[in-house]
Structures are given as C-alpha cells and as structure tokens.
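This report concerns only the one structure given below.
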Amino acid sequence: SLSEDKVWTTVYHDLQMQTSVGGNSLEKLSVLQLNYSATMDQISAITSSAEYCEQFISYSCKMSRLLNTPEGNPYTWWVGKANEKHYYWGGSGPGIQKCACGIERNCTDPKYYCNCDADYKQWRKDTGMLSYKEHLPVSQVVVGDIDRPGSEAKISVGPVRCQGDRNYWNAASFVTSSSYLHFSTFQGETSADISFYFKTSASDGVFLENLGNTDFIKLELKSATEVSFSFDVGNGPVEIVVRSPNQLNDDQWHRVNAERNVKQASLQVDQLPLEVRKAPTEGHTRLELYSQLYVGAAGGQRGFLGCIRSLRMNGVTLDLEERAKVTPGVKPGCSGHCTSYGMYCANGGKCVEKYNGYSCDCSKTAYDGPFCIKDVGAFFEEGMWLRYNFHSPGTSMKDLVSRTLLSSTDPETTAPDLNLNKEELSFSFSTTKSPCVLLYISSYTQDFMAVLVKPSGNLQIRYSLGGTKEPYNIDVDHRNMANGQPHTVNITRNGRDIVLQLDHYPPTSYSLPAASDIQFNSPKALFLGKVIEIGKIDQDIYKYNTPGFTGCLSRVQFNQIAPLKAALRPTNASSHVHIQGELVESNCGASPLTIPPMSAATDPWHLDSASADFPYNGQAIGDGVNRNSAIIGGVIAVVIFTILCTLVFLIRYMFRHKGTYHTNEAKGAESAESADAAIMNNDPNFTETIDESKKEWLI
C-alpha cells in the first residue's frame, strides 16, 4: 500500500486473530504454528533488504502469566527466524525480558514487567510491535501458563510489514564510455526479470549485456528517446523498443523494467505503455548464457555514461556500489536530488533523498518546517521554567544517545562523566524585564555557564569552569537587550577561546583567564527561564532568579541538543524535559530571518557581470555627478523616508498582533507536504525537474 511516499510489503499467515488457548487444564503447553503465504527464504530476502520491519503481537490473559519476572523462566515465548526462541514481547526489544508496560513503567502491578504477570482474574493484555527485523517473522508462539483452573489466554499476531528498500540507492556512476562492472553469469534460462533506474545526459550507451554461444540478452539506450531490450534464445534475435515522447537524457531518474518468460517478453520505461512481444511457437525457449554479465560497456561497444541504481535481476539486487569501489572508471554512489538542491536544507538540516525528490531532516536542529528555517520557540510567563536533563546518573542506552548529542562533534565520547572542551550555544530571545536568567547550564561539579540580562538591561555571559576565585564574565555594556525586540545570541567556546556574536554585529573574541580550567566537567542540566538546582548557587544568579524570565525564547540549541524543540515536539529526547508552568508555543522571540547570499553557481537569478552592467556596482560615484542634483535628490529621499516611516507606524498601530512574526520562507511552504512541494509552489524553475521525477514513486 502507498501511504505518503512509503511503500509497505506485507506477508500474511494463517493464524486467526484472538486465537484462544487454555480453558481446559489438560495441556501443559500450547504451541501455535504460523504458516506464511511466502517461503521463509522469500521473507528473509524481504526483511534483510528493508529499512524497517514490524509485526504486531498481542497476549490477552485471564489468570495466565506471560513472562513472570526478568529472572525467572518465562511462561510464554515466541520462535522467530532460524528457529530461535525469544523471551521479549511486543513493544520491547532483544535481551529485555519485559513487555511494553515494563519499559514505560505503567504495568497493572508495578512489581511485574507485564500486565498479564499480575495474574488477575479479570482480562488484561500486553500488546506491541516486534521490530527487531533480524528476528522476524514469528513462526511459533508457545503459551505456558494455561493449566490452572480458570486460566485462559488469547493470542493475536499481525502480518509481517516491511518498508523502505536499503538497496534503493545502491548506485554506480559510469564515468567513461568504456567503463563497466562485471558480475557472474545471469541465470535466467526460462525467465528473466530485470529492473533498474538510470539518469544520464548522454544520448546512447549499453546498460548491460550477457552473451552465450549464439544466445544473448541486452538492454541499451539506443537514442535520447529510445530504450531497447534484445535477446536471442536460439531462434533468432528479438528486439523490443520503447519510444519516449520526452528526452530520457535529461539528467533525471528513469525506471526500466524488462521481463521475459516462455510465453512473452515485455519492456516498460517509467509510466509509458508496456511494449509486449509474444514468444515464437517453435525453437527452444531456454536462454543459455556463459560469459560474465557486463553492466556498462561490453565487448568494445559504447557503454552507458551516467548513473545506474537499484539494479535487480530476478529479485536479487546487484551490489553496484561495492564492485564500483574496486573498478577504475566507475564510482560508487550517485548524486541524487541532494547534490542539486541540498543547500535549501538550512541550519544544519540534513538533506534526505526521497523516491520522488528530497526532504530536509530537521531532527538534529532547533528548527522546523520543510527547509528547517522555521524557529521553534515559546512564550514564558513569569515564574515558568524548563529543565533539560543531559542524562540520568544510571547508565542506559538512552544516556549514550544523549551523551552523543551533548558532545559537539565527537560521538565516541561515552564516559559517564562527560567533560566538554568546547560548546556551541545559540538562541534568540525578547523581553522587557530585567534582571533575569535566560539560560543556565549546571553540572555535577561546581562548573556552570549562564547567559543573564543584568538590571541595566545589558547582556552578560558567565563562565565558571574552576581554577579561578570568581566566574569569568563577558559584559556587553553598550546595548540594552531588554527592549522587547528579538535578539540573537551565538556563543562558541573552544578550549580557552570564546567567540560571541550578537544580532548582526561582527563576532567578538574573548579568552578565559590563564588560571581557569578549560573543561566543563560533568554537565548535568540546562535551564531556561529560571534555575531550580540543588546545592550552592552563584550569588548574582540567585538574585536574578526571582521572579524569573518573562518573554520569548526561540531556537535554543546547545551542541546538538534543542531543549525547547524537545519540549514542544515529541522526539526521543522529550523524556529528558521537565516543565514548570504552561509552555505556549510562539515565534515572538524568533530572530528576523536573513538569508545568506547564494553563490553564483547555485543562484538561479545570477547574471554574469559581463552581460549586466548595474550602475554603482560597488564603485564610488563618478566625479562628474552634479552636486546640486545630488543635494536635491537627498532632500527628496529624506521626505519620502519620513512619509514611509509615518505610514509604517500607522499600519503597525492598526494591525498590532501580539506574538506574530512572519518569515519570508517560500510562500506555500506551510501548506506544502515536503520541501519539494514548497519549492515547487514558489519557484517556477523547479516545476519541471520535480515533475519528471514525481513519476517514479508509482512503483
């Protein structure tokens, strides 16, 4: 089925939903066998090439325990791939002998890790998804605790569902017309099914060929509008040609699917009509090949120039990438849409190739929206605060994740006491009340870092990393930051060196005193709005802490952690957040959007300086300009400027909206489903390219 752009492959079995077991105390164990509509090898091929697989499993119970305790032997288990027994249940994972409620800590009886283990006389159930695909599919469920009077259980197991093709982007680039990759002989005696995608700017070239004595099979791009499938099974060569009304060498992806069996042969390109040829009645039908399979230039012919990906021959994906790594003239991988449009993913958003274009993954940023340029921010009422815990003292897998995010660039850092040598902090805010604490980072030691607004409305950055009696302060005295306007703050520290950038002013460099330690030891939590921390707290911060910050904070990011976004958008990190008061999402603290200039190469509006002679292109105005006309022009400009200012003031007064702020994101971006759609809505230049590739996902 197609949902959004996700294609799910589903394999069904014959076990009824809610299959009853127990109810009579004769049998000690009940074994439920599942028979699938595909062989285990076929299912294994699906799960291993998929990106994600899941299978729903449910145990309804009445006085029938499921796993009992993590130490004891489980009463019920399931058998997966390779006949292995598994003692975890849906919603849990390998090695964790618990049900979903045990992980979420909301079981009927908190002493146990499954609802059914409470052994109640009323019906209870434990359900969830099994998603460790190496263990799927479920082939058997063995139910144990059904031999006592009154014990009953019902089992449901859903179909195996897999999504995403890990081989979808397995690609190779053919750089010269004599480049080729070779693979072992294609075994397609009675049936051949070959599919792949290609993109090229060349007008012809051989895609692939495999020879026999007289038999052969070959796919080639014959011209800019023709794809040919030819073969000989011993009764003369047969050729099928698909002619496209549009150019196929437009550097967009095109799909080719060629099939041959004893009855007929067919060729399809993209969504164009299928070309079919019936097989001749006499002659043998077996395709007998002996040479290697050549992908690209074969036997001195002009090979394909460009990219081929996802090449499947009779259901097996050929690993073009691995072979290309060791073959001269062929490069592994292929530049997809991200090479052309990846720069539109802003603020550290990651460009992700999609079946029909691309999208921006904003998960590691403090932004949102199709291009990661929408600030995620909130309005803080007086006394409200947010705490983001970097990790709990107990070490678990989740903490490893949070530590990776906490270290700015070094994912290898996994020691429980993480010490930071560098940080990057950026956010924007607006407030009219001072003094206040904007942001504070505490530690398990005496170390801290704080960004404060002093009683005068000036900003102060305070570092205390040990080694000095007093914290090190950076004071920005000449600007009132509590003026209700949005201000942006970017702080980067690397060892002793600190760089601070405020708003659009040039960055300023500072250096920690020689006596200061340069490690931020064991960071504990990040606070926004107010500091609620046990232990000794800096005197000034204690004073500034009441009544607390009132105003707006937006796009807060500390290394790879975005605490406000974690609070406002459900992510893996949301469990680290604690909020006091009601957090209201708002972009009132959003920094005014500035778009960096595009480079000439990527700017669709770039005019070559030779072809466009703009006046005053950075040079001084020539001496020949008449001074009087310059003065008159100046006076007129001042008058117009005054009128405009008055108009702006009036319009602002009439349409005052508290807390609204508009970015000049691509119009239509909000309603667009993806980054592609937003660009398409906005920029005529993109329509053509994306329309071409849209055809692709109707697989």
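Residue 214 versus residue 19, label points 7 Å from Cα toward the beta carbon: distance in nm?
5.6
List every residue whose amide H lies under 5 Å from the amide H of residue 158, counting only residues 5 or more places away in sequence or on a different chain, with H placed 1.01 Å from N in the peptide plane.
Amide H neighbours of residue 158, under 5 Å, 5+ apart: 56, 57.
Residues of the range 8-164: accessible area per residue at 1.4 Å, in Å²?
48
Pulled fully out, how much extra length does the chain show between residue 505 and residue 632, if you take 0.36 nm times their separation in residues and subtract their Cα-Cα distance?
42.4 nm
When only alpha-carbon atoms count, how far does the range 167-332 stretch along each of its three principal axes, as whole angstroms with the largest first?
Here the spans come out as 43, 35, 29 Å, largest first.
How many percent of the alpha carbon pairs in the range 8-164 exceed a separation of 21 Å?
Of the Cα pairs, 42 percent sit more than 21 Å apart.
Which FRET efficiency value, to the nearest 0.05, is calculated for residue 33 and residue 519 with the Förster distance at 35 angstrom and r the Cβ-Cβ distance?
After rounding to 0.05, the efficiency reads 0.05.
What's the local net charge at residue 228, with K and R +1, D and E -1, over the other residues with C-beta under 9 Å away?
-1
What distance in nm lies between label points placed 7 Å from Cα along the C-beta direction at residue 271 and residue 382?
For residue 271 paired with residue 382, the spin-label model returns 6.0 nm.
Tell me, what % of the accessible area of the range 8-164 is carbon and sulfur with a 1.4 angstrom probe?
Heavy-atom surface of the range 8-164 belonging to carbon and sulfur, 1.4 Å probe: 48 percent.
Mind checking the per residue accessible area of the range 485-565 for me, 1.4 Å probe, whole number of Å²?
On a per-residue basis, 42 Å².
How much net charge surrounds residue 384 when only the other residues with a Cβ under 12 Å from the Cβ of residue 384 are counted, with Lys and Arg +1 and Asp and Glu -1?
Residues close to residue 384 contribute a combined charge of -1.
Tell me the net charge near residue 268. Cut-off is 11 Å between Cβ atoms, residue 268 excluded, with +1 for each Lys or Arg and -1 for each Asp or Glu.
Once positives and negatives cancel, what remains is -2.
Roughly how big is the range 8-164's charge dipole about its Cα centre, with Cβ charges of +1 (Lys, Arg) and -1 (Asp, Glu), in debye to the nearest 20?
With Lys and Arg at +1 and Asp and Glu at -1, about 320 debye.
For each pair in 469/524; 222/278; 81/325; 133/364; 81/565; 218/325, compute the distance between the two Cα atoms and list the pairs where it is over 28 Å.
Pairs exceeding 28 Å: 81/325; 81/565.
Distance in nm between label sites at residue 263 and residue 120, each 7 Å beyond Cα in the beta-carbon direction?
Going by the 7 Å Cα→Cβ label model, 5.7 nm.
Roughly how many debye, to the nearest 20, is the charge dipole of the range 167-332 about its Cα centre, given +1 on each Lys and Arg Cβ, -1 on each Asp and Glu Cβ, and no other charges?
The dipole of the range 167-332 has a size of about 180 debye.
Of all the accessible heavy-atom surface of the range 167-332, with the other protein chains kept in place and a 1.4 Å probe, what percent is carbon and sulfur?
Roughly 47 percent, rounded to a whole number.
For 371, 641, write out the residues from largest to smallest accessible area, computed with a 1.4 angstrom probe and no ligands counted.
641, 371
Could you calculate the contour length gain from residue 279 to residue 578, that is, 0.36 nm times the residue separation minus the distance between their Cα atoms, to one decimal place in nm?
So the chain would gain 100.7 nm between residue 279 and residue 578.
With unit charges on the beta carbon (Lys/Arg positive, Asp/Glu negative), name the residue among 8, 64, 158 whose Cα is farthest towards the positive pole of the charge dipole of the range 8-164.
64
I'd like to check one number: the per residue accessible area of the range 167-332, probe 1.4 Å, reported in Å² as a whole number.
45
How much length, in nm to one decimal, is gained on full extension between residue 647 and residue 319, taken as 0.36 nm per residue of separation minus their Cα-Cα distance?
Result for the pair: 111.6 nm of gain on full extension.
The values are calculated or read from the model by the stated rules, or taken from the named source; none is laboratory data. If you're wondering where the values come from, they're calculated on a predicted model, not measured in any experiment. When we count neighbours, we look across all protein chains shown, and the Cβ atoms used for this are built from the backbone with ideal geometry, even at glycine. Accessible surface areas use protein heavy atoms only, side chains included; no ligands, DNA or RNA. Shrake-Rupley method; radii C 1.70, N 1.55, O 1.52, S 1.80 Å.
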